[in-house]
Amino acid sequence: MFMSGLKKRLLFISFFVLLYLFRLYSVQSADRKNIPDQAEVRIVARVTQQPYLKGSNQIINVNGFLIKTERFPTYFYGQKLVIVGKVKKRVINPFQIEFTLNYPAIQVVEKKQTLISKIDLKAWLFGVKSSLEQTIERALPEPQSSLLIGILLGSKRQMPEKFLQSLRNTGTIHVIVASGYNITVIAGFLISGLVLFVNRRWALILAFLGIVAYTIMAGAEPPIVRAAVMGSLTYLAQLLGREKDAIVCLFFAATVMLLISPLILFDIGFQLSFLATAGILFIYPLLNGKIFKFPLLGDELRVTLSAQIAALPILLFNFGQVSFISPLINALVLPIVPLIMSLGAAVVGAGLLAKPLVQVLGWFVWLPLTYFVKLIEWFGQLPWVSFSIGELSWVWVAGYYLLLSLWILKKPRFSSSA
Amino acid sequence: MILLAGLIWATIFQLPDSRLHLIFCDVGQGDAILVTHRSNQILIDGGPDNRVLSCLANHMPFWDREIELVILTHPEADHLTGLIDVIKRYDITQFVVNSVVNDSAGFWEFRETVLAEAASVHSPQAKEEIKIGPLGFKVLWPRHRRGDSLVWSHFAKASRDRQSVLGVASPPSDINETSIVLQLAFGKFNALLTGDIGFDTEEKLDLANLPGIEVLKVPHHGSKYSSGEEFLAKLNPELAVISVGKNRWGHPTEEVLNRLLSVGAKVLRTDQDGEVEIVSDGKNWYYKPK
C-alpha cells in the first residue's frame with residue numbers, strides 16, 4: 001500500500017491529464033464546426049456575449065461566430081438574431097478556429113429572453129453593468145472614463161483606439177483585462193482597509209462579499225467568475241495562514257474548471273488569472289528587498305510584481321509587443337490602481353444611491369486617472385518604448401517557466417516542502 | 001489632502017481663457033467642429049464614431065459636463081453618429097437640427113437619444129441668428145424651415161412607429177443640400193460653416209451681406225461637386241479647412257484643391273495636419289498647426 005510520495009503524485013497528475021484529454025476530445029468532436037471558408041450560412045441564435053465596439057463597427061458574438069456590423073442599431077446580450085452572410089475562416093490553433101461574418105444581413109427575431117430564468121439573471125447582470133458604465137461615462141471625459149471602466153469592470157467597450165495602442169505599447173494593457181489580478185487587488189485592499197475597523201474574521205467575510213459584488217458588477221462573465229473563484233479561494237487560504245492549502249486550492253479550482261470546460265485552457269483570461277494567482281502564491285514570499293518595506297505602496301508593488309513575473313510570457317506571447325521600460329511604467333502606475341478602483345467603486349455606488357455625489361467623486365477619481373493617462377500617453381508615443389516581437393516562439397515561454405520554477409524551488413522556503 | 005491640492009491645481013490649470021476657439025476635430029471621414037468661448041461649448045456635427053469624445057475631453061475643463069448647443073447640419077452617418085455618444089454622456093441645453101428624416105438605423109437611434117435628453121429642439125431657417133454670449137451664428141441655409149418639427153416630439157414614441165414620423169417628413173431627395181449653413185461671428189472674426197452643400201446650394205446662398213470671411217469650412221469634405229469657383233471667389237477666405245479622412249470617393253479632390261489654391265487660400269486638412277484649432281480674440285486670429 002505504500003508508494004513513495006513522488007510516485008503517488010505523478011500517478012495522480014497523469015490521471016487528471018488523461019481525464020482532461022478525454023474531455024477535450026469529447027467536447028471537440030461534439031462542438032466542431034465543419035464550415036468551409038467563404039460558405040454562405042444562415043445562423044439563428046442568441047447573442048452569447050455583450051457586443052462591443054471596435055472603431056466605427058460593432059462586434060457581436062453569436063454561438064462562436066464573430067459578427068462585424070454597423071455601429072447602429074445596437075444589439076444586446078440575449079437577443080435572438082437571424083444572420084445571413086458569408087463566413088470567413090481563420091485557424092488560430094487546432095483547437096481554436098475563428099469564424100467571422102462581415103456586414104451580414106441581421107434581423108432581430110425576439111427582443112428579450114424570458115424563457116429561462118438563468119439567462120434572465122445574466123441579462124439582468126449585464127443591465128447592471130451597463131448602467132454602471134453609463135454612470136462613469138457621464139461623469140468623466142475620455143479616455144479617463146473608458147480606462148476606469150476597463151480597470152473596474154474589465155470591459156473595453158468604447159476605448160479610444162489611440163489610447164488602447166498606448167496601453168499596448170507600454171505593456172500596461174493587462175490592467176483592463178479582467179483577471180485574477182483585479183480580484184486579488186480588491187481582496188487585498190478591502191482586507192487591509194477593513195482590519196483597521198473590524199477583526200480579521202469579519203474583514204475576511206466582508207472582503208469575500210466585496211469580491212462577490214465585484215463579480216456581479218463586472219457582469220459575472222465566465223472569465224471573471226473563474227478569476228474570482230481562484231482568487232478568493234487562494235487568498236482566503238493564504239490569509240488563514242495555510243500557504244500549502246492555498247496552492248492545493250488553486251490547482252483544485254483550475255482542474256475542476258478545466259474538466260468542466262476544457263477549451264478555457266486556450267483562453268488568455270484563464271491563463272492570466274491562473275498565473276497571476278500562482279505568482280502571488282509562489283513568488284510573493286520570495287521578494288523581500290528593502291523597497292517592499294515602503295509603507296502601503298511597497299506591499300502593493302510586491303503583489304503586482306509577483307503577478308507580473310508569473311504572467312509576463314503569456315502577455316508577450318499574446319499581445320506580441322515588448323516594452324523595455326514596461327516594468328518602470330508599471331511601477332509608476334500600478335500602485336495607484338487600488339486607489340482608482342476604490343474611488344471608482346464609490347462613483348458607481350453613488351450612481352446607484354446618491355446621484356449628486358457622482359460628479360464630486362468623479363473629480364477625485366479624475367485626478368489619478370489623468371495621471372495614469374498622461375503617463376501612458378507620454379510613454380506610448382515614444383517610438384523606442386516598445387518593439388513588436390512578431391511571433392514569440394513557445395520555446396522561449398517554456399524556457400522562461402523552466403527557469404522560473406527552478407528559481408522558486410531553489411529558494412530555501414520551498415525546498416523543504418517538496 | 002494630496003488629491004484635493006492636486007484638484008485645485010488642475011482646476012486653475014484648466015480655467016478657460018476669454019478667446020474664441022474654433023476646433024476642427026480629427027475624426028476621420030466626417031465633420032465634428034467644436035466652438036468654445038469661456039465656459040460655453042457649441043458642437044457642430046459629431047463625426048462617424050466616438051473619436052469626437054477625445055476631442056471634447058481635450059478642449060473642455062474636466063468639471064464641465066454641459067454642452068450649450070449641439071447642431072446637426074444634416075442627418076448623415078458621418079455627421080451624426082458621434083453625436084449619439086456625445087448626447088448620452090453630456091448634458092445638452094439646446095439642439096439645432098432640421099426636421100429632416102434619413103431612414104437609417106443611425107438616424108433613429110439619434111432621434112431616440114435626442115428625445116431622451118429632453119432638451120429643446122429648434123429647426124432653423126435663413127436670417128435667424130443664434131446668440132451665445134458674444135458669439136453669433138447667422139443662419140444662411142436652409143432658406144425655409146425644413147420638414148415638420150413633429151419629428152422631434154414624442155408623438156410617435158409610444159408606438160415606436162417610424163412610419164408615422166416618415167409620414168410627417170419623408171426623406172428629401174438630396175440630404176446634403178439641406179445642410180444648415182452658418183456664419184460664425186465673434187467681433188471682427190468670421191467663419192463660414194457649410195456642412196455638405198454642393199454647387200446647387202452654393203449658388204442660392206445670400207452672400208451679398210456677408211462680411212469678409214477669414215475661415216471657410218470647405219463643403220462636403222472637398223467633393224468636386226462643391227466649392228465652385230464663383231463661390232470661392234466671392235468668399236475669398238484666408239484659411240480653408242477640409243475635414244476629411246480615408247475614403248473611397250477621392251475626397252478631397254484635386255479639382256477643389258486647385259480652386260482653393262487659385263483664390264490664394266491656405267489649406268489645412270484634418271487627414272494630414274490632424275486637428276485644426278483657430279483662436280481669436282475678436283480682432284486678431286491664428287491657427288494651429290502653423
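The values are calculated or read from the model by the stated rules, or taken from the named source; none is laboratory data. No experiment lies behind these values; they were computed from the predicted model shown. Note: ideal-geometry Cβ built from the backbone for every residue, glycine included; neighbour counts use all protein chains shown. Surface areas here come from the heavy atoms of the whole protein model, side chains and all, with no ligands, DNA or RNA. Shrake-Rupley method; radii C 1.70, N 1.55, O 1.52, S 1.80 Å.
A few remarks follow.
- Across region A:348-386, the residues whose backbone nitrogen lies under 17 Å from the label position 7 Å along the beta-carbon direction of B:ILE8 are A:364, A:367.
- Cβ-defined net charge surrounding B:VAL100, 15 Å radius [Lys, Arg +1; Asp, Glu -1]: -2
- Mean-position separation - Cα centroids, region B:239-259 and region B:263-290, in angstrom: 16
- The B-A contact accounts for roughly 2200 square angstrom of buried accessible surface, both chains included, probe 1.4 angstrom.
- Approximate spin-label separation A:ALA213-B:GLN125, in nm, with each point projected 7 Å along Cα-to-Cβ: 5.7
- Helix-only mean residue ellipticity at 222 nm for chain B, each DSSP H run of n ≥ 4 adding -39500 (n - 2.57), per residue, nearest 500: -8000 deg cm²/dmol
- Shielding by partners, peptide A:160-172 (average Cβ within 10 angstrom, other chains): 1
- For region A:39-110, share of DSSP beta bridges that run antiparallel, in % to the nearest 5: 90
- Here A:GLN38 and A:VAL128 are evaluated by their C-beta separation; at R0 = 35 Å the FRET efficiency comes out at 0.30.
- With the simple spin-label model, which puts each label point 7 Å out from Cα in the Cβ direction, the A:LYS410 to A:ALA346 separation comes to 4.6 nm.
- Cα-Cα P(r), region B:68-112, percent of pairs per 10 Å interval: 27, 63, 10
- Rounded if a/c under 1.5, otherwise prolate or oblate - chain B, Cα gyration tensor axes: oblate
- Counting every alpha-carbon pair across the protein assembly as shown, the share separated by more than 32 Å comes to 58%.
- Segment A:LEU402-A:GLN359, length gained on full extension (0.36 nm per residue, minus Cα span): 10.5 nm
- Most to least packed among A:13-19, A:337-343 [average Cβ atoms within 10 Å]: A:337-343, A:13-19
- Counting only DSSP beta bridges whose two residues both lie in the protein assembly as shown, roughly 70 percent are antiparallel.
- Projected label points at B:HIS144 and B:LYS234, each 7 Å from Cα along the beta carbon direction, are separated by 2.1 nanometres.
- Per residue accessible area in Å² of the protein assembly as shown, where ligands, DNA and RNA are left out and the probe is 1.4 Å: 48
- Stretched out straight at 0.36 nm per residue, the stretch from B:GLU112 to B:TRP249 would grow longer than its current Cα-Cα span by 46.3 nm.
- Within 10 Å of each Cβ in A:137-144, the average number of Cβ atoms from other chains: 6
- Inter-chain neighbour count for A:69-79: the average number of beta-carbon atoms from partner chains within 10 Å of each residue's beta-carbon is 3.
- q = 0.15, 0.19 Å⁻¹: log10 I(q)/I(0) that the Debye formula gives for region A:39-110, counting C-alpha atoms only: -0.45, -0.72
- Our summary gives chain B a relative contact order of 17 percent, counting only alpha carbon pairs under 8 angstrom and 6 or more residues apart.
- Once you reduce region A:126-163 and region B:181-216 to the center of their Cα atoms, the two points are 39 Å from each other.
- Listed pairs B:LYS138/B:LYS288; A:LYS54/B:LYS224; B:LYS217/B:LYS283; A:LYS355/B:LYS131; A:LYS54/A:LYS86 exceeding 22 Å between Cα atoms: B:LYS138/B:LYS288; A:LYS54/B:LYS224; A:LYS355/B:LYS131
- Using a Förster distance of 41 Å, the FRET efficiency for A:THR255-B:LYS88 (Cβ separation, nearest 0.05): 0.40
- Long-range HN-HN contacts of A:LYS54 with modeled amide H, under 5 Å: A:ILE59
- Accessible area of the protein assembly as shown belonging to carbon and sulfur atoms, whole % at 1.4 Å probe: 62
- Gaussian network model of chain B, springs between alpha carbon atoms under 10 Å - residue of B:ALA185, B:ALA116, B:ALA77 with greatest fluctuation: B:ALA116
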